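The values are calculated or read from the model by the stated rules, or taken from the named source; none is laboratory data. Being a predicted model, the structure only gives us computed values, none of them experimental. Here the Cβ positions follow ideal geometry from the backbone for every residue, glycine too, while neighbour counts run over all protein chains shown. Accessible surface is based on the protein model in full, side chains and every heavy atom, while ligands, DNA and RNA are left aside. Shrake-Rupley method; radii C 1.70, N 1.55, O 1.52, S 1.80 Å.
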Amino acid sequence: METLREILDAAARGVFPPPDGRTTVVPQASARDAGVLAFTAHSVVFTDEDPEWVYETLAAVECDPLAVTMNPRFLAAFMARTGRTAETIDAMFVGSPLPGRPPLALEEIKDAEHPRITYARNRRDDVRAWTTDGGVLVTGRGIGGRLEVSLEVDEAVRHRGLGRLLVTAARHLVEEPLWAQVAPGNARSTRAFQAAGYRPVGAEALLLKVDA
């Protein structure tokens, strides 16, 4: 059986699970993260719960089989079973590393108590952060140990392309694929990641520990 990280690494290369309408259940890569990844006509549920419970619960939900893993009734049952919560279903984007220097000046934040670093550590390991005039860029290891990126742009400097420059810069700072989760309703962020060369590869629902 493939591990969660192997599935993600393959997706970053453009190799996806077979579009056969099935669901694959794999163990969690860490105690922190459980959830669902949805690719084209194939889903991956990562959990330490009994796989038979997953399949039985999915079968009991009356909806399109291709959509069932992201159906609110399944996700609600999943959260109740695991004692977890969730915030939203995100679009998954991935970008390849880029050579050369970032397109803007960045200064790494060394203050471990910086609010953005403190927040990121609730969901990621090996967190690093950089600042530039009007924005903050953060990377860290999240689902399956994959490298993830997030950003924050000050309200006063929005609509000037800084978000696109920041997530482009992130690709110059890494040596492996860089993942991003974007709420589908956040059209501004979606445009920024796509303009920076990140590719949409699926959707995900991350189940969080209640005390996370």
* To do: Count, please, the residues in region 136-161 that happen to be part of a strand (DSSP E or B) and either more than 14 Å from ALA12 (Cβ to Cβ) or open to solvent by 10 Å² or more (accessible area, probe 1.4 Å) (or both).
  => 11
* Structure fact -> Residue hits (region 44-62; open to solvent by 10 Å² or more (accessible area, probe 1.4 Å) and either of a type in the set (Gly, Ala, Ser) or under 15 Å from LEU8 (Cα atoms) (or both)) are ALA59, ALA60
* Asked: List, please: which pairs have Cβ atoms under 8 Å, are six or more places apart or on different chains, and start with a residue in region 21-36 that is under 16 Å from VAL210 (Cβ atoms) and end with one that is aliphatic (A, V, I, L, M) and open to solvent by 50 Å² or more (accessible area, probe 1.4 Å)?
  -> ARG32/ALA212
* Structure fact -> Listed by first then second residue, the pairs whose first member lies in region 112-133 and is closer than 18 Å to ALA180 by Cα and modelled with pLDDT under 85, whose partner is open to solvent by 40 Å² or more (accessible area, probe 1.4 Å) and not acidic (Asp, Glu), with beta carbons under 6 Å and at least 6 positions apart or on separate chains, are ASN122/ALA212
* Selection within region 162-190 - open to solvent by less than 30 Å² (accessible area, probe 1.4 Å), without any contact (Cβ under 8 Å) to a residue 60 or more places away in the chain and under 18 Å from the mean Cα position of the chain (by Cα) -> GLY163, SER189
* **Filtered residues of region 80-117 (kept if open to solvent by 50 Å² or more (accessible area, probe 1.4 Å), β-branched (Val, Ile, Thr) and assigned to a loop (DSSP other than H, G, I, E, B))** => THR88
* Structure fact -> For region 184-212 the number of residues that are within 30 Å of GLY83 (Cβ to Cβ), out of contact with any strand residue (DSSP E or B) (no Cβ under 7 Å at 6 or more places or on another chain) and either part of a helix (DSSP H, G or I) or among the hydrophobic types (A, V, I, L, M, F, W, C) (or both) is 1
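Quick one: in region 63-74, of everything that is touching a helix residue (DSSP H, G or I) at 6+ places or on another chain (Cβ under 9 Å) and open to solvent by 80 Å² or more (accessible area, probe 1.4 Å), which residue is farthest from ALA183 (Cα to Cα)?
Start the filter on region 63-74 by keeping residues that are touching a helix residue (DSSP H, G or I) at 6+ places or on another chain (Cβ under 9 Å), which leaves 63, 65, 68-69, 71, 73-74.
Among the residues that remain, those that are also open to solvent by 80 Å² or more (accessible area, probe 1.4 Å) are: 65, 73.
Working: PRO65: 23, ARG73: 20 Å.
The residue in question is PRO65.
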* Identify, from the list ALA77, ALA120, the residue that is open to solvent by less than 80 Å² (accessible area, probe 1.4 Å), small (Gly, Ala, Ser) and in contact with a strand residue (DSSP E or B) (Cβ under 7 Å, 6 or more places away or on another chain). => ALA120
* Pull up region 198-212, narrow it to residues that are over 11 Å from the mean Cα position of the chain (by Cα) and surrounded by 21 or more Cβ atoms within 10 Å (Cβ to Cβ), then point me to the one that is nearest to VAL182 (Cα to Cα). => TYR198
* List the number of the failed condition for ASP9; all other conditions in (1) open to solvent by less than 40 Å² (accessible area, probe 1.4 Å); (2) in contact with a Pro (Cβ under 8 Å, 6 or more places away or on another chain) hold. => (1)
* Structure fact -> Within region 123-135, restricting to residues that are open to solvent by 60 Å² or more (accessible area, probe 1.4 Å) and assigned to a strand (DSSP E or B), the one that is nearest to LEU208 (Cα to Cα) is ASP125
